[in-house]
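The block underneath contains the structure these notes are about, expressed in C-alpha coordinates.
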Amino acid sequence: MLKDVAFGQYYPVESFVHKMDPRAKILYLIAYIVLIFIVKNFYGFAVCLALLALTVVFARVPIVKVLKSIRAILFIIIVTFLINLFLHREEQDVVYFSWWIFTVTRGSVTFATFMALRLITLVLGSSILTLTTTPVALTDGLESLLSPLKLVKFPVHELALIMSIALRFIPTLMEETERIISAQKARGADFESGNIFSRVKALIPILIPLIISAFRRADELGDAMEARCYTGSRVRTKYKKLKFSVNDVIALFFVAAAFAGVILLNVYAGAVI
Amino acid sequence: MFAVKLENVTFKYEGAKRVAVENVSLTINEGEFVAVIGANASGKSTLAKLINGLIAPLSGKVEVFGADTSDSSKLFEIRKSCGIVFQNPDNQMVASIVEDDVAFGPENIGVEREEIGRRIDFALKASGTEAFRSQMASRLSGGQKQRVAIAGVLAIKPKILILDESTSMLDPRGRREVMDVVRSLNKEKMTVIVITHYMDEVVDCDRAIVLKSGNVLFNGTPKQLFQSDEVIKKAGLELPVPTKIALKLKENGVDVGLPLTKEELEERLWTLLQKN
(Lines give C-alpha, C1' and ligand atoms only; values in the text may rest on other atoms or scores of the structure.)
Protein backbone atom coordinates (compact mmCIF):
# COMPACT_ATOMS: atom_id res chain seq x y z
CA MET A 1 0.00 0.00 0.00
CA LEU A 2 1.16 3.50 -0.86
CA LYS A 3 -0.04 4.66 2.55
CA ASP A 4 2.64 2.72 4.38
CA VAL A 5 5.45 3.95 2.17
CA ALA A 6 4.89 7.53 3.26
CA PHE A 7 6.41 7.01 6.68
CA GLY A 8 8.61 4.16 5.54
CA GLN A 9 11.89 5.82 6.57
CA TYR A 10 11.25 5.68 10.30
CA TYR A 11 12.27 2.38 11.87
CA PRO A 12 10.22 1.92 15.04
CA VAL A 13 12.24 0.23 17.76
CA GLU A 14 13.20 1.30 21.26
CA SER A 15 16.84 2.21 21.38
CA PHE A 16 19.38 4.54 22.89
CA VAL A 17 19.39 6.70 19.75
CA HIS A 18 15.59 6.66 19.34
CA LYS A 19 15.23 8.05 22.85
CA MET A 20 17.55 10.96 22.21
CA ASP A 21 16.19 14.49 21.90
CA PRO A 22 15.54 15.34 18.22
CA ARG A 23 17.38 18.66 18.69
CA ALA A 24 20.49 16.84 19.92
CA LYS A 25 20.30 14.47 16.96
CA ILE A 26 20.00 17.33 14.47
CA LEU A 27 22.89 19.22 16.07
CA TYR A 28 25.11 16.14 16.20
CA LEU A 29 24.31 15.41 12.57
CA ILE A 30 25.40 18.94 11.67
CA ALA A 31 28.60 18.42 13.71
CA TYR A 32 29.17 15.11 11.96
CA ILE A 33 28.74 16.75 8.53
CA VAL A 34 31.25 19.43 9.50
CA LEU A 35 33.57 16.62 10.56
CA ILE A 36 33.29 14.92 7.16
CA PHE A 37 34.22 18.17 5.49
CA ILE A 38 37.29 18.91 7.60
CA VAL A 39 38.72 15.41 7.29
CA LYS A 40 42.02 15.58 5.41
CA ASN A 41 43.14 11.93 5.32
CA PHE A 42 41.76 8.40 5.26
CA TYR A 43 42.54 7.83 8.94
CA GLY A 44 40.08 10.61 9.70
CA PHE A 45 37.45 8.80 7.65
CA ALA A 46 38.08 5.69 9.71
CA VAL A 47 37.16 7.74 12.79
CA CYS A 48 33.95 9.00 11.09
CA LEU A 49 33.00 5.47 10.05
CA ALA A 50 33.68 4.19 13.56
CA LEU A 51 31.34 6.84 14.97
CA LEU A 52 28.77 5.88 12.36
CA ALA A 53 29.06 2.15 13.15
CA LEU A 54 28.72 2.85 16.86
CA THR A 55 25.56 4.88 16.24
CA VAL A 56 24.05 2.13 14.08
CA VAL A 57 24.71 -0.43 16.83
CA PHE A 58 23.17 1.79 19.50
CA ALA A 59 20.20 2.63 17.25
CA ARG A 60 19.40 -1.09 16.80
CA VAL A 61 18.61 -0.42 13.15
CA PRO A 62 19.54 -3.23 10.73
CA ILE A 63 22.65 -2.24 8.77
CA VAL A 64 20.89 -3.10 5.50
CA LYS A 65 18.31 -0.36 6.16
CA VAL A 66 21.09 2.17 6.61
CA LEU A 67 23.02 1.03 3.53
CA LYS A 68 19.86 1.18 1.43
CA SER A 69 20.00 4.98 1.64
CA ILE A 70 23.08 4.94 -0.63
CA ARG A 71 21.02 3.44 -3.44
CA ALA A 72 19.10 6.68 -3.88
CA ILE A 73 22.24 8.64 -4.74
CA LEU A 74 24.34 5.83 -6.20
CA PHE A 75 24.12 7.44 -9.64
CA ILE A 76 25.42 10.77 -8.33
CA ILE A 77 28.26 9.02 -6.49
CA ILE A 78 29.34 7.14 -9.62
CA VAL A 79 29.15 10.20 -11.87
CA THR A 80 31.12 12.41 -9.49
CA PHE A 81 33.64 9.63 -8.97
CA LEU A 82 34.21 9.29 -12.74
CA ILE A 83 34.40 13.05 -13.32
CA ASN A 84 36.93 13.44 -10.52
CA LEU A 85 38.86 10.39 -11.67
CA PHE A 86 39.31 11.60 -15.25
CA LEU A 87 39.37 15.36 -14.92
CA HIS A 88 40.99 16.13 -11.58
CA ARG A 89 44.49 17.62 -12.03
CA GLU A 90 47.31 18.12 -9.59
CA GLU A 91 50.78 19.49 -10.09
CA GLN A 92 53.67 17.01 -10.27
CA ASP A 93 51.59 13.89 -10.43
CA VAL A 94 52.17 10.31 -11.48
CA VAL A 95 50.11 9.74 -14.64
CA TYR A 96 48.59 6.25 -14.94
CA PHE A 97 46.53 6.75 -18.06
CA SER A 98 45.87 9.51 -20.54
CA TRP A 99 43.59 9.83 -23.56
CA TRP A 100 42.27 13.04 -25.18
CA ILE A 101 41.20 15.26 -22.26
CA PHE A 102 40.96 12.33 -19.84
CA THR A 103 43.84 11.56 -17.53
CA VAL A 104 43.99 9.28 -14.54
CA THR A 105 46.70 10.15 -12.07
CA ARG A 106 47.64 9.02 -8.60
CA GLY A 107 46.24 12.31 -7.29
CA SER A 108 42.96 11.94 -9.14
CA VAL A 109 42.39 8.40 -7.88
CA THR A 110 42.88 9.55 -4.28
CA PHE A 111 40.73 12.63 -4.80
CA ALA A 112 37.87 10.73 -6.47
CA THR A 113 37.85 8.05 -3.77
CA PHE A 114 37.93 10.73 -1.10
CA MET A 115 34.96 12.60 -2.53
CA ALA A 116 32.93 9.40 -3.01
CA LEU A 117 33.63 8.43 0.62
CA ARG A 118 32.57 11.90 1.72
CA LEU A 119 29.21 11.56 -0.09
CA ILE A 120 28.63 8.04 1.21
CA THR A 121 29.35 8.90 4.85
CA LEU A 122 27.17 12.00 4.51
CA VAL A 123 24.16 10.03 3.31
CA LEU A 124 24.67 7.24 5.83
CA GLY A 125 24.77 9.72 8.71
CA SER A 126 21.66 11.58 7.57
CA SER A 127 19.74 8.37 7.06
CA ILE A 128 20.36 7.38 10.68
CA LEU A 129 18.59 10.58 11.74
CA THR A 130 15.48 9.87 9.65
CA LEU A 131 15.50 6.18 10.60
CA THR A 132 15.48 6.91 14.33
CA THR A 133 13.34 10.06 14.49
CA THR A 134 9.66 10.41 13.61
CA PRO A 135 8.83 13.23 11.18
CA VAL A 136 6.77 14.86 13.93
CA ALA A 137 9.73 14.85 16.33
CA LEU A 138 11.96 16.23 13.57
CA THR A 139 9.56 19.12 12.99
CA ASP A 140 9.37 19.83 16.72
CA GLY A 141 13.15 19.73 16.94
CA LEU A 142 13.61 22.09 14.02
CA GLU A 143 11.04 24.52 15.41
CA SER A 144 12.82 24.60 18.73
CA LEU A 145 16.27 24.99 17.16
CA LEU A 146 15.11 27.78 14.86
CA SER A 147 13.19 29.63 17.58
CA PRO A 148 15.95 32.25 18.12
CA LEU A 149 15.13 33.44 14.58
CA LYS A 150 11.80 34.74 15.93
CA LEU A 151 13.79 37.75 17.13
CA VAL A 152 14.35 38.79 13.53
CA LYS A 153 10.64 38.21 12.75
CA PHE A 154 11.27 34.93 10.93
CA PRO A 155 7.97 32.93 10.99
CA VAL A 156 9.36 29.87 12.77
CA HIS A 157 6.05 28.69 14.18
CA GLU A 158 4.27 29.02 10.84
CA LEU A 159 7.05 27.12 9.09
CA ALA A 160 6.83 24.28 11.61
CA LEU A 161 3.05 24.18 11.27
CA ILE A 162 3.31 24.04 7.48
CA MET A 163 5.74 21.13 7.77
CA SER A 164 3.58 19.20 10.20
CA ILE A 165 0.44 19.76 8.11
CA ALA A 166 2.32 18.58 5.03
CA LEU A 167 3.38 15.43 6.90
CA ARG A 168 -0.13 14.94 8.19
CA PHE A 169 -1.58 15.06 4.66
CA ILE A 170 0.90 12.69 2.99
CA PRO A 171 -1.11 9.54 3.82
CA THR A 172 -4.40 11.31 3.00
CA LEU A 173 -3.21 12.42 -0.43
CA MET A 174 -1.61 9.02 -1.09
CA GLU A 175 -4.97 7.39 -0.47
CA GLU A 176 -6.64 9.93 -2.68
CA THR A 177 -4.12 9.27 -5.48
CA GLU A 178 -4.88 5.56 -5.31
CA ARG A 179 -8.58 6.31 -5.52
CA ILE A 180 -8.14 8.60 -8.53
CA ILE A 181 -5.94 6.04 -10.29
CA SER A 182 -8.63 3.38 -9.79
CA ALA A 183 -11.33 5.77 -10.95
CA GLN A 184 -9.41 6.67 -14.11
CA LYS A 185 -8.56 3.04 -14.81
CA ALA A 186 -12.27 2.23 -14.52
CA ARG A 187 -12.82 4.83 -17.22
CA GLY A 188 -10.31 3.07 -19.43
CA ALA A 189 -7.18 5.12 -18.75
CA ASP A 190 -3.92 3.35 -19.54
CA PHE A 191 -0.87 4.12 -17.40
CA GLU A 192 1.37 1.20 -18.30
CA SER A 193 1.97 1.25 -22.05
CA GLY A 194 3.52 3.68 -24.51
CA ASN A 195 6.79 5.55 -24.46
CA ILE A 196 7.93 7.85 -21.69
CA PHE A 197 6.11 10.87 -23.15
CA SER A 198 2.72 9.22 -23.43
CA ARG A 199 3.16 7.81 -19.93
CA VAL A 200 3.89 11.23 -18.51
CA LYS A 201 0.91 12.55 -20.40
CA ALA A 202 -1.22 9.81 -18.86
CA LEU A 203 -0.44 11.27 -15.44
CA ILE A 204 -2.32 14.47 -16.19
CA PRO A 205 -5.77 12.96 -15.49
CA ILE A 206 -4.42 11.93 -12.08
CA LEU A 207 -2.66 15.15 -11.17
CA ILE A 208 -5.43 17.58 -12.05
CA PRO A 209 -8.14 16.02 -9.84
CA LEU A 210 -5.52 15.60 -7.12
CA ILE A 211 -4.53 19.25 -7.19
CA ILE A 212 -8.13 20.45 -7.28
CA SER A 213 -9.00 18.27 -4.32
CA ALA A 214 -5.90 19.43 -2.44
CA PHE A 215 -7.07 23.02 -2.80
CA ARG A 216 -10.54 22.11 -1.59
CA ARG A 217 -9.01 20.32 1.39
CA ALA A 218 -6.84 23.33 2.15
CA ASP A 219 -9.91 25.54 2.13
CA GLU A 220 -11.80 23.29 4.52
CA LEU A 221 -8.77 22.86 6.77
CA GLY A 222 -8.46 26.64 6.97
CA ASP A 223 -12.06 26.92 8.13
CA ALA A 224 -11.60 24.10 10.64
CA MET A 225 -8.43 25.70 12.03
CA GLU A 226 -10.10 29.07 12.39
CA ALA A 227 -13.09 27.44 14.06
CA ARG A 228 -10.62 25.93 16.53
CA CYS A 229 -9.44 29.40 17.50
CA TYR A 230 -6.25 29.43 15.42
CA THR A 231 -5.00 33.01 15.09
CA GLY A 232 -1.26 32.59 14.61
CA SER A 233 1.26 32.49 17.41
CA ARG A 234 -0.08 35.44 19.41
CA VAL A 235 -1.17 33.70 22.60
CA ARG A 236 -0.23 30.18 21.62
CA THR A 237 1.17 27.74 24.15
CA LYS A 238 2.82 24.42 23.42
CA TYR A 239 1.79 21.05 24.83
CA LYS A 240 4.81 18.97 23.96
CA LYS A 241 8.08 20.02 25.53
CA LEU A 242 11.39 18.62 24.36
CA LYS A 243 13.84 17.57 27.05
CA PHE A 244 17.51 16.74 26.81
CA SER A 245 18.41 13.49 28.56
CA VAL A 246 21.49 11.62 29.76
CA ASN A 247 21.62 9.91 26.36
CA ASP A 248 22.27 13.23 24.69
CA VAL A 249 25.18 13.98 27.02
CA ILE A 250 26.74 10.55 26.46
CA ALA A 251 26.35 10.96 22.69
CA LEU A 252 27.94 14.41 22.94
CA PHE A 253 31.00 12.78 24.49
CA PHE A 254 31.38 10.45 21.49
CA VAL A 255 30.87 13.24 18.96
CA ALA A 256 33.47 15.37 20.77
CA ALA A 257 35.89 12.45 20.87
CA ALA A 258 35.50 11.91 17.12
CA PHE A 259 36.11 15.62 16.55
CA ALA A 260 39.27 15.57 18.64
CA GLY A 261 40.45 12.43 16.85
CA VAL A 262 39.92 13.87 13.38
CA ILE A 263 41.65 17.15 14.23
CA LEU A 264 44.64 15.36 15.75
CA LEU A 265 44.91 13.06 12.73
CA ASN A 266 44.66 16.06 10.41
CA VAL A 267 47.61 17.65 12.18
CA TYR A 268 49.85 14.62 12.75
CA ALA A 269 49.00 12.12 9.99
CA GLY A 270 49.38 14.54 7.10
CA ALA A 271 46.90 15.51 4.42
CA VAL A 272 46.12 13.57 1.27
CA ILE A 273 44.07 16.40 -0.21
CA MET B 1 -29.84 34.74 27.64
CA PHE B 2 -30.09 32.76 24.44
CA ALA B 3 -27.14 30.61 23.42
CA VAL B 4 -27.63 31.63 19.81
CA LYS B 5 -29.84 34.34 18.39
CA LEU B 6 -30.31 35.16 14.72
CA GLU B 7 -32.21 38.30 13.75
CA ASN B 8 -33.34 38.77 10.12
CA VAL B 9 -30.08 37.27 8.88
CA THR B 10 -29.33 37.30 5.16
CA PHE B 11 -26.13 35.99 3.58
CA LYS B 12 -24.94 35.64 0.01
CA TYR B 13 -21.68 34.05 -1.12
CA GLU B 14 -19.50 36.16 -3.33
CA GLY B 15 -20.32 35.57 -6.98
CA ALA B 16 -23.37 33.46 -6.15
CA LYS B 17 -26.62 34.13 -7.99
CA ARG B 18 -28.99 33.72 -5.11
CA VAL B 19 -28.80 34.27 -1.37
CA ALA B 20 -27.73 31.27 0.74
CA VAL B 21 -29.72 32.36 3.79
CA GLU B 22 -32.60 34.79 3.60
CA ASN B 23 -34.11 36.79 6.44
CA VAL B 24 -33.71 34.03 8.99
CA SER B 25 -34.68 34.68 12.60
CA LEU B 26 -34.37 32.02 15.27
CA THR B 27 -33.15 31.44 18.78
CA ILE B 28 -31.51 28.47 20.46
CA ASN B 29 -31.55 28.08 24.23
CA GLU B 30 -28.69 26.97 26.39
CA GLY B 31 -28.63 23.18 26.81
CA GLU B 32 -30.99 22.60 23.91
CA PHE B 33 -30.51 19.84 21.33
CA VAL B 34 -31.52 21.29 17.99
CA ALA B 35 -31.47 19.64 14.58
CA VAL B 36 -31.27 21.77 11.46
CA ILE B 37 -32.37 19.79 8.43
CA GLY B 38 -32.82 20.49 4.78
CA ALA B 39 -31.91 19.22 1.36
CA ASN B 40 -28.68 20.26 -0.39
CA ALA B 41 -28.25 24.01 -0.89
CA SER B 42 -30.91 24.78 1.71
CA GLY B 43 -28.44 27.02 3.55
CA LYS B 44 -27.89 24.77 6.54
CA SER B 45 -24.08 24.72 6.40
CA THR B 46 -24.06 28.48 5.89
CA LEU B 47 -25.98 28.71 9.14
CA ALA B 48 -23.22 26.86 10.98
CA LYS B 49 -20.54 29.17 9.62
CA LEU B 50 -22.64 32.22 10.50
CA ILE B 51 -23.02 31.10 14.12
CA ASN B 52 -19.29 30.46 14.53
CA GLY B 53 -18.39 33.76 12.91
CA LEU B 54 -16.49 32.19 10.00
CA ILE B 55 -18.70 34.40 7.84
CA ALA B 56 -20.48 37.60 8.81
CA PRO B 57 -24.11 38.23 7.78
CA LEU B 58 -24.78 40.60 4.88
CA SER B 59 -27.63 42.09 6.87
CA GLY B 60 -29.19 41.25 10.22
CA LYS B 61 -27.47 40.14 13.38
CA VAL B 62 -26.03 36.90 14.77
CA GLU B 63 -25.38 36.73 18.51
CA VAL B 64 -23.66 33.98 20.50
CA PHE B 65 -24.25 34.43 24.23
CA GLY B 66 -24.93 38.07 23.51
CA ALA B 67 -21.73 38.66 21.50
CA ASP B 68 -22.22 39.94 17.96
CA THR B 69 -20.33 37.87 15.37
CA SER B 70 -19.84 40.94 13.17
CA ASP B 71 -17.68 42.48 15.90
CA SER B 72 -14.24 41.10 15.06
CA SER B 73 -12.91 41.85 18.56
CA LYS B 74 -15.38 39.30 19.94
CA LEU B 75 -14.69 36.55 17.39
CA PHE B 76 -12.05 34.85 19.51
CA GLU B 77 -14.45 34.55 22.46
CA ILE B 78 -17.27 33.40 20.17
CA ARG B 79 -15.11 30.64 18.70
CA LYS B 80 -14.04 29.60 22.17
CA SER B 81 -17.65 29.13 23.21
CA CYS B 82 -18.86 27.57 19.98
CA GLY B 83 -17.07 24.67 18.29
CA ILE B 84 -17.81 23.14 14.89
CA VAL B 85 -17.17 19.61 13.71
CA PHE B 86 -17.13 19.58 9.92
CA GLN B 87 -18.15 17.03 7.32
CA ASN B 88 -14.84 15.50 6.29
CA PRO B 89 -12.81 14.20 9.24
CA ASP B 90 -9.62 14.18 7.13
CA ASN B 91 -9.82 17.88 6.41
CA GLN B 92 -9.97 19.12 9.98
CA MET B 93 -6.98 17.41 11.52
CA VAL B 94 -3.77 19.35 11.80
CA ALA B 95 -1.41 16.83 13.36
CA SER B 96 -0.55 13.23 12.49
CA ILE B 97 -0.89 11.90 16.03
CA VAL B 98 -4.31 11.97 17.74
CA GLU B 99 -3.02 13.49 20.98
CA ASP B 100 -1.19 16.32 19.16
CA ASP B 101 -4.28 17.10 17.13
CA VAL B 102 -6.50 17.35 20.20
CA ALA B 103 -3.89 19.65 21.77
CA PHE B 104 -4.14 22.08 18.82
CA GLY B 105 -7.27 23.90 20.09
CA PRO B 106 -6.14 24.45 23.69
CA GLU B 107 -2.70 25.51 22.42
CA ASN B 108 -4.40 28.14 20.25
CA ILE B 109 -6.24 29.70 23.16
CA GLY B 110 -3.09 29.78 25.28
CA VAL B 111 -3.89 27.13 27.89
CA GLU B 112 -1.09 26.13 30.29
CA ARG B 113 0.77 22.89 29.55
CA GLU B 114 -0.54 20.82 32.49
CA GLU B 115 -4.07 22.01 31.83
CA ILE B 116 -3.77 20.96 28.16
CA GLY B 117 -2.91 17.47 29.37
CA ARG B 118 -6.01 17.43 31.56
CA ARG B 119 -8.16 18.73 28.72
CA ILE B 120 -6.88 16.04 26.36
CA ASP B 121 -7.78 13.41 28.96
CA PHE B 122 -11.23 14.90 29.33
CA ALA B 123 -11.88 15.30 25.60
CA LEU B 124 -10.67 11.82 24.66
CA LYS B 125 -12.75 10.30 27.43
CA ALA B 126 -15.90 12.22 26.51
CA SER B 127 -15.59 11.12 22.88
CA GLY B 128 -14.57 7.55 23.76
CA THR B 129 -11.24 7.75 21.97
CA GLU B 130 -8.74 7.26 24.83
CA ALA B 131 -7.44 4.11 23.15
CA PHE B 132 -6.19 6.06 20.11
CA ARG B 133 -4.30 8.70 22.05
CA SER B 134 -0.84 8.04 20.60
CA GLN B 135 -1.96 6.52 17.30
CA MET B 136 -1.70 7.93 13.80
CA ALA B 137 -4.99 9.57 12.87
CA SER B 138 -4.67 8.28 9.31
CA ARG B 139 -4.97 4.68 10.52
CA LEU B 140 -8.38 5.18 12.16
CA SER B 141 -11.79 4.46 10.65
CA GLY B 142 -14.11 7.28 9.56
CA GLY B 143 -16.23 7.13 12.71
CA GLN B 144 -13.15 7.01 14.93
CA LYS B 145 -11.59 9.96 13.10
CA GLN B 146 -14.77 11.98 13.45
CA ARG B 147 -14.87 11.26 17.18
CA VAL B 148 -11.26 12.45 17.40
CA ALA B 149 -12.38 15.61 15.59
CA ILE B 150 -15.08 16.03 18.23
CA ALA B 151 -12.42 15.58 20.92
CA GLY B 152 -10.37 18.30 19.22
CA VAL B 153 -13.30 20.68 19.56
CA LEU B 154 -14.21 19.57 23.11
CA ALA B 155 -10.68 20.28 24.35
CA ILE B 156 -11.46 23.98 23.87
CA LYS B 157 -14.38 23.46 26.30
CA PRO B 158 -17.07 25.12 24.18
CA LYS B 159 -20.60 25.65 25.46
CA ILE B 160 -22.11 25.03 22.04
CA LEU B 161 -21.23 22.15 19.75
CA ILE B 162 -22.22 22.34 16.10
CA LEU B 163 -22.07 19.25 13.92
CA ASP B 164 -22.07 20.36 10.31
CA GLU B 165 -23.10 17.19 8.46
CA SER B 166 -20.47 15.42 10.52
CA THR B 167 -21.99 12.00 9.95
CA SER B 168 -22.64 12.26 6.22
CA MET B 169 -19.39 10.54 5.20
CA LEU B 170 -19.68 7.74 7.76
CA ASP B 171 -21.13 4.24 7.57
CA PRO B 172 -24.15 3.44 9.80
CA ARG B 173 -21.91 2.20 12.59
CA GLY B 174 -19.74 5.32 12.51
CA ARG B 175 -22.85 7.48 12.52
CA ARG B 176 -24.19 5.70 15.58
CA GLU B 177 -20.84 6.08 17.39
CA VAL B 178 -20.79 9.81 16.74
CA MET B 179 -24.44 10.42 17.61
CA ASP B 180 -24.08 8.47 20.88
CA VAL B 181 -21.20 10.74 21.90
CA VAL B 182 -23.19 13.84 20.98
CA ARG B 183 -26.25 12.73 22.93
CA SER B 184 -24.25 12.05 26.08
CA LEU B 185 -22.61 15.48 25.75
CA ASN B 186 -26.03 17.09 25.55
CA LYS B 187 -27.02 15.30 28.76
CA GLU B 188 -24.05 17.07 30.37
CA LYS B 189 -25.68 20.44 29.54
CA MET B 190 -23.90 21.06 26.24
CA THR B 191 -25.93 23.00 23.69
CA VAL B 192 -25.90 20.91 20.53
CA ILE B 193 -26.82 21.92 17.00
CA VAL B 194 -26.86 19.03 14.56
CA ILE B 195 -26.95 19.97 10.91
CA THR B 196 -28.00 16.99 8.85
CA HIS B 197 -30.11 15.59 6.07
CA TYR B 198 -30.85 12.34 7.89
CA MET B 199 -34.32 12.38 9.42
CA ASP B 200 -33.45 9.71 11.98
CA GLU B 201 -30.92 12.06 13.57
CA VAL B 202 -33.79 14.45 14.22
CA VAL B 203 -35.75 11.95 16.30
CA ASP B 204 -33.94 12.51 19.61
CA CYS B 205 -33.78 16.28 19.36
CA ASP B 206 -35.65 18.80 21.45
CA ARG B 207 -36.40 20.84 18.39
CA ALA B 208 -36.19 20.59 14.63
CA ILE B 209 -35.63 23.48 12.26
CA VAL B 210 -36.29 22.80 8.59
CA LEU B 211 -34.61 25.00 5.99
CA LYS B 212 -35.51 25.30 2.34
CA SER B 213 -33.67 27.59 -0.09
CA GLY B 214 -32.38 29.71 2.76
CA ASN B 215 -35.71 30.12 4.53
CA VAL B 216 -37.03 28.59 7.73
CA LEU B 217 -39.85 26.31 6.64
CA PHE B 218 -40.57 24.78 10.03
CA ASN B 219 -39.52 25.31 13.63
CA GLY B 220 -40.97 22.91 16.24
CA THR B 221 -40.68 19.52 17.90
CA PRO B 222 -39.72 16.43 15.87
CA LYS B 223 -43.14 14.98 16.60
CA GLN B 224 -44.88 17.97 15.06
CA LEU B 225 -42.55 17.80 12.09
CA PHE B 226 -43.27 14.15 11.39
CA GLN B 227 -47.00 14.85 11.47
CA SER B 228 -46.89 17.57 8.85
CA ASP B 229 -46.68 15.80 5.51
CA GLU B 230 -46.68 19.11 3.74
CA VAL B 231 -43.43 20.35 5.28
CA ILE B 232 -41.69 17.04 4.70
CA LYS B 233 -42.72 16.93 1.07
CA LYS B 234 -41.87 20.58 0.45
CA ALA B 235 -38.41 20.31 2.02
CA GLY B 236 -37.63 17.14 0.07
CA LEU B 237 -37.14 15.06 3.23
CA GLU B 238 -37.93 11.47 4.04
CA LEU B 239 -39.57 10.05 7.18
CA PRO B 240 -37.70 7.53 9.38
CA VAL B 241 -38.58 3.94 8.47
CA PRO B 242 -40.54 3.10 11.69
CA THR B 243 -42.71 6.19 11.15
CA LYS B 244 -43.29 5.20 7.54
CA ILE B 245 -44.36 1.71 8.60
CA ALA B 246 -46.75 3.17 11.16
CA LEU B 247 -48.33 5.45 8.55
CA LYS B 248 -48.80 2.50 6.18
CA LEU B 249 -50.39 0.52 9.02
CA LYS B 250 -52.74 3.42 9.71
CA GLU B 251 -53.79 3.49 6.06
CA ASN B 252 -54.75 -0.14 6.46
CA GLY B 253 -56.75 0.48 9.62
CA VAL B 254 -54.16 -0.33 12.30
CA ASP B 255 -53.56 2.75 14.45
CA VAL B 256 -50.24 2.64 16.32
CA GLY B 257 -49.90 6.41 16.63
CA LEU B 258 -46.70 8.04 15.40
CA PRO B 259 -43.63 6.17 16.63
CA LEU B 260 -40.28 7.75 15.71
CA THR B 261 -37.91 4.96 16.65
CA LYS B 262 -37.78 1.22 16.13
CA GLU B 263 -38.22 0.62 19.87
CA GLU B 264 -41.28 2.84 20.05
CA LEU B 265 -42.90 1.02 17.14
CA GLU B 266 -42.16 -2.34 18.77
CA GLU B 267 -43.66 -1.16 22.04
CA ARG B 268 -46.88 0.07 20.42
CA LEU B 269 -47.33 -3.02 18.29
CA TRP B 270 -46.79 -5.13 21.39
CA THR B 271 -49.43 -3.29 23.47
CA LEU B 272 -51.81 -3.45 20.52
CA LEU B 273 -51.35 -7.21 20.24
CA GLN B 274 -51.87 -7.69 23.96
CA LYS B 275 -55.16 -5.73 23.88
CA ASN B 276 -56.57 -7.98 21.19
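Table: residues versus (1) touching a helix residue (DSSP H, G or I) at 6+ places or on another chain (Cβ under 7 Å); (2) touching a residue at least 24 places away in the same chain (Cβ under 8 Å); (3) under 22 Å from A:Ala218 (Cα atoms); (4) more than 8 Å from every other protein chain (Cβ to nearest Cβ).
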site	(1), (2), (3), (4)
B:Leu47	no, yes, yes, yes
B:Asn52	yes, yes, yes, no
B:Pro57	yes, yes, no, yes
B:Gly66	no, yes, no, yes
B:Ser70	no, no, no, yes
B:Glu77	no, no, no, yes
B:Ile84	yes, yes, yes, no
B:Val94	yes, no, yes, no
B:Val98	yes, yes, yes, yes
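Restricting attention to the stretch B:132-173, the residues that are of a type in the set (Gly, Ala, Ser), open to solvent by 10 Å² or more (accessible area, probe 1.4 Å) and under 25 Å from B:Met199 (Cβ atoms) add up to 3. Whenever a residue of the stretch A:60-71 is at positive phi, its partners that are surrounded by 12 or more Cβ atoms within 10 Å (Cβ to Cβ) and among the aliphatic types (A, V, I, L, M), lying with C-beta atoms within less than 7 angstrom and at least six residues away or across chains, give the pairs A:Arg60/A:Val13. Elements of the type strands (runs of 3 or more DSSP E) sitting completely within the stretch B:188-244 and holding at least 1 residues that are open to solvent by 30 Å² or more (accessible area, probe 1.4 Å) and polar (S, T, N, Q): these cover B:215-220.
When residues in the stretch B:25-48 are screened for being in a strand (DSSP E or B) and within 18 Å of the chain's Cα centre (by Cα), 8 of them pass.
Being assigned to a helix (DSSP H, G or I) and closer than 24 Å to A:Arg217 by Cβ is the filter; apply it to the stretch B:107-128 and report the residue that is nearest to the chain's Cα centre (by Cα). So the residue we want is B:Ala123. Of all residue pairs spaced 6 or more apart or on separate chains, those with beta-carbon atoms under 8 Å, a first member in the stretch B:119-145 that is away from chain A (no Cβ under 13 Å) and a second member that is among the aromatic types (Phe, Trp, Tyr) and not in a loop (DSSP other than H, G, I, E, B) are B:Leu124/B:Phe132; B:Gln144/B:Phe132. Consider only pairs whose beta carbons are under 6 Å apart and that are at least six residues apart or on different chains; among these, list those whose first residue lies in the stretch A:223-251 and is open to solvent by less than 80 Å² (accessible area, probe 1.4 Å) and whose second residue is among the hydroxyl-bearing types (Ser, Thr, Tyr). Listed pairs, sorted by first residue: A:Leu242/A:Ser144. Quick one: A:Leu145 ticks every box in (1) open to solvent by 70 Å² or more (accessible area, probe 1.4 Å); (2) farther than 27 Å from B:Leu140 by Cβ; (3) aliphatic (A, V, I, L, M) except a single one, so which number is it? All conditions pass for A:Leu145, except number (1).
Selection of the stretch B:1-24 for residues being open to solvent by less than 20 Å² (accessible area, probe 1.4 Å) and part of a loop (DSSP other than H, G, I, E, B) yields B:Ala3, B:Ala20.
Scan the stretch B:72-95 and give yes if some residue there is in a loop (DSSP other than H, G, I, E, B), open to solvent by less than 40 Å² (accessible area, probe 1.4 Å) and farther than 23 Å from B:Lys159 by Cα, otherwise no. Yes; the residues of the stretch B:72-95 include at least one that is in a loop (DSSP other than H, G, I, E, B), open to solvent by less than 40 Å² (accessible area, probe 1.4 Å) and farther than 23 Å from B:Lys159 by Cα. Listed conditions (1) over 20 Å from A:Asp140 (Cα atoms); (2) within 11 Å of chain A (Cβ to nearest Cβ); (3) open to solvent by 30 Å² or more (accessible area, probe 1.4 Å) are all met by B:Glu112, apart from (1).
Here's the yes/no breakdown for (1) assigned to a helix (DSSP H, G or I); (2) open to solvent by 30 Å² or more (accessible area, probe 1.4 Å):
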| residue | (1), (2) |
| --- | --- |
| A:Cys48 | yes, no |
| A:Ala53 | yes, yes |
| A:Val61 | no, no |
| A:Val64 | yes, yes |
| A:Asp93 | no, yes |
| A:Tyr96 | no, yes |
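The values are calculated or read from the model by the stated rules, or taken from the named source; none is laboratory data. For clarity, every value in this text was computed on a predicted model and none was experimentally measured. All Cβ positions, even for glycine, are placed from backbone atoms using ideal geometry, and neighbour counts span all protein chains on display. Side chains included, ligands, DNA and RNA excluded: accessible areas come from the protein's heavy atoms. Shrake-Rupley method; radii C 1.70, N 1.55, O 1.52, S 1.80 Å.
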